[in-house]
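The values are calculated or read from the model by the stated rules, or taken from the named source; none is laboratory data. Please read these numbers as outputs of a predicted model, since none were measured by experiment. With ideal geometry, Cβ positions are generated from the backbone for all residues, glycine too; neighbour counts draw on all protein chains shown.
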Amino acid sequence: AYTPIAFAERCVAELAAHLGEGRAVVALSGGLDSAVSAALVARALGDRLVPLFVDHGLLRAGEAEEVPAALTQILGLPVRRVDARDAFLAALRGLVDPEAKRRAVGETFICVFEREVAGIPDVAYLVQGTVYSDLIESVGRGGVKAHHNVGGLPERVSFTLVEPLRPLLKDEVREIARHLGFPASLVERQPFPGPGLAVRVVGEVTAERLELLREADRIVREEIGSSDVAPTLWQYFAVLPGVRTVGAKDGRRREGEVVAVRAVVSEEAMSARAAELPYELLRKIAHRLTTELPAVARVVYDVTDKPPATIEWE
Ligand code: XMP
């Protein structure tokens, strides 16, 4: 019978049988999909797999340190962190269109990756974590969003693409991850868009706004994550809509940013319901955001389902 575990076992055997000479490289960006793909290939190829962690500076608080450490353990291979934060910020400068931002992140990713790979001898394969829902979202529904991790490779890249998870759904990937001994922190990790926080800073991404969102998101995740509702949610995070608003702090009227809180219930992200968070929880989040982050003047909760909205704001 078909099970994700059986799929994984067969996948490792097939990779071992069919991948010829040469090294495989995987760019890990913190997501579960690329990590599980890497783990399957690592089982087949051992240290012929070279795992790179591209730090694009668009990850959530703490992840740039935690993720490579955790993956080094899981893969049993040293994961090298490539600090590319400046390159991504430079590529995003001046861009406000969401698709242009996605393209910039995707293209920069490929540039950074190509440069790194050029320094590694005998690379024949490129491992990617594409899953089924990426493909549907990208092509099936009139190209709703350009998922930057799908089919974005320019022709000058002459590796064979290895995408072992292509037929799988997110839950199946999680099941395989558990089977492979991934820690719960990685398996239960919320789905996170490839372009990361860049598509949650609505409008232009600057170093300052990125840092503000990262801190706001940390607070939102701490509060919701430690509440009873957390296990029922598909995703929860903060967004910077880019609206300037007036606040009254310390007896003075002062302009600040709006932070939007998003939390949804969903099966596979094709549709989603805005979560009915306890009002006390929302009040606590609003209080923490506005007191701990001086730049935040107002907090709103997004009550829109998907459809008509998408889960992300961009
Ligand atoms: P939307 O916003 O389209 O999101 O309702 C559906 C799911 O996909 C994630 N998402 C992305 N993932 N690259 C990705 O790898 C992207 O560009 C991207 N945009 C959205 C989103 O977080 C949600 O889980």
Quiz item: Only one residue in ASP217, ASP228 is within 16 Å of the ligand (Cβ to nearest atom) and at pLDDT 95 or above. Which one?
Solution: ASP217
Quiz item: Mind checking which residues of the stretch 263-293 are at pLDDT below 95 and either closer than 24 Å to LEU212 by Cα or among the acidic types (Asp, Glu) (or both)?
Solution: GLU267, GLU268
Exercise. Go through the stretch 22-32 and count every residue that is within 16 Å of PHE113 (Cβ to Cβ) and either not assigned by TED's automatic domain parsing to the domain that holds SER158 or not small (Gly, Ala, Ser) (or both).
Key: 4
Practice problem: Check every one of the helices (runs of 4 or more DSSP H) wholly within the stretch 69-187 and list those with 2 or more residues that are of a type outside the set (A, V, I, L, M) and at pLDDT below 95. | Solution: 98-118, 132-135, 170-179
Quiz item: For residues in the stretch 13-36 being more than 25 Å from the chain's Cα centre (by Cα) and either touching a residue at least 40 places away in the same chain (Cβ under 8 Å) or closer than 30 Å to GLY196 by Cβ (or both), which is nearest to the ligand (Cβ to nearest atom)?
Solution: LEU15
Practice problem: Might you check whether a residue that is crowded, with 18+ Cβ neighbours inside 10 Å, closer than 26 Å to ALA238 by Cα, touching a His at 6+ places or on another chain (Cβ under 8 Å) and among the hydrophobic types (A, V, I, L, M, F, W, C) occurs anywhere in the stretch 61-74? | Solution: no
Quiz item: Just checking, which of THR310, THR291, THR304 is within 15 Å of the ligand (Cβ to nearest atom) and more than 19 Å from GLN190 (Cα to Cα)?
Solution: THR304
Practice problem: Identify the residue in the stretch 174-214 that is of a type in the set (Val, Ile, Thr) and touching a Pro at 6+ places or on another chain (Cβ under 6 Å) and, among all such residues, is farthest from GLU267 (Cα to Cα). | Solution: VAL202
Practice problem: Keeping to the stretch 188-213, report how many residues are in contact with a Leu (Cβ under 7 Å, 6 or more places away or on another chain) and within 16 Å of the ligand (Cβ to nearest atom). | Solution: 10
